[in-house]
Structures are given as C-alpha cells and as structure tokens.
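So the structure is just underneath, and the comments pick up after that.
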Amino acid sequence: MPIPALVTALLPSVVAAIPRLAAIFKPGSEVAERNVAGAAAVLDIVTKATGAVNAQAAVEAIKTDPVQLAAATQAIESNWLQLAEAGGGGIAGARAADAVTMASNGPWWQVFRSTSMWAMLLLLPLPYAVTGSVAGLWGHDGWSSDVRAAIATAIVSLVVGGAAGFYWGSTTTRNKPPSP
C-alpha cells in the first residue's frame, strides 16, 4: 500500500485513540497535504514507541493494549512541538503582536516596546564595529588592502541591496493583485 493511502487509512484510528491529535488533523481541512505528512510522522512515532513492525500493527497495538497506548501517548507528547504549531501564530502572529504593540497610543519611546526594534538595536553595532576597524578608527589597523576592499564592497552591497530589496519588495507586494 502506498504511504499516503496507508496514512489516510490508519490515521483516524490513531486520532481516536489519542484525542489531543484531533486538534491537528481535522477531517476536510484545506491543508490536507500537510496533514498527510504530519500523519506519516505521527504513525512513525507511534510505530517506534510501540515497537511494532509496521504502522498497522502499531495501530492495532494501541487499540487493544493500554500499555502500548500509554507508550504511544507519551511518545506523541514528547514530540508534540514537531507536530503542532507552538501557539504564537508563527511569523504572522509575531507581525500581528508587534502591530498591536506599536498601534497603542503613547509617547515616542514606545518604539522600544517592539521586539523588532530590540533585535535591530542589538545587531546594529556590528556593522559599525567592522567598518571602524577596517577604516583604522579602532581595533586592528593592519588590514591588507584586499581585505579592506572586500569588506567595503560587502558593506556597500548590503546597504544598497537591502534598500533596493525593501523598495522593490514593498512596491511589488503593494502592486500585486489580491489573491482569489
């Protein structure tokens, strides 16, 4: 039997035996293909946890043996973060949380409540430190001219490339027709 067909046939039994999985594998959901890949991972975890020779034997074992069901449930719990989204909504959730933080009324320094701003502030000294060192302002002033040229080119390329990428990326996104 092909793996997707096997997964589709056996997954409902595993979900019935371990109810917490129902939150991930909803019948008729629009992300069915991703669910099949997740289901294959679930069956693999359950098969290994029960020591069964294949997924069908593992499903039969968790249906009939409470010890095997407990082992499978424990294995699913141990691997939960590999199977389900952690609850923050991913990148979209982070963007939404940051937008809510920034939209609240307050003084100008509220920008420091943004996680994105803190990440930028922590990373910002690095390019200045490298540039200052290459320019001989501090640190090691014995850089060869080849190294100086390479680092200067990299810094200019990153600044121009970042600005261009932001401009054309936001222009392209803004001019993109809405998806149906």
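The values are calculated or read from the model by the stated rules, or taken from the named source; none is laboratory data. No experiment lies behind these values; they were computed from the predicted model shown. Neighbour counts run over all protein chains shown; Cβ positions are idealised from the backbone, glycine included. Protein only, heavy atoms only, side chains kept; ligands, DNA and RNA dropped before computing areas. Shrake-Rupley method; radii C 1.70, N 1.55, O 1.52, S 1.80 Å.
What do you reckon, how do ASP146, ASP44, ASP98 stack up by accessible area (1.4 Å probe), largest on top?
If we order ASP146, ASP44, ASP98 from most to least accessible, we get ASP146, ASP44, ASP98.
Give me the net charge of ALA55's neighbourhood, meaning all other residues with Cβ under 14 Å from the Cβ of ALA55; Lys, Arg count +1, Asp, Glu -1. Walk me through the intermediate numbers first.
Working: positive: LYS48, LYS63; negative: ASP44, GLU60.
Every neighbour counted, the sum reads 0.
Residue by residue through region 161-166, what is 3J(HN,Hα) from phi via Karplus (6.51 cos²θ - 1.76 cosθ + 1.60, θ = phi - 60°)? Round to whole Hz and write x for glycine and proline.
x, x, 5, 5, x, 5
Can you figure out the FRET efficiency of THR115 with ALA152, using R₀ = 35 Å and their beta-carbon distance, to the nearest 0.05? Intermediate values should be presented prior to the final figure.
Numbers: r = 32 Å, r/R0 = 0.91.
FRET efficiency, THR115 to ALA152: 0.65.
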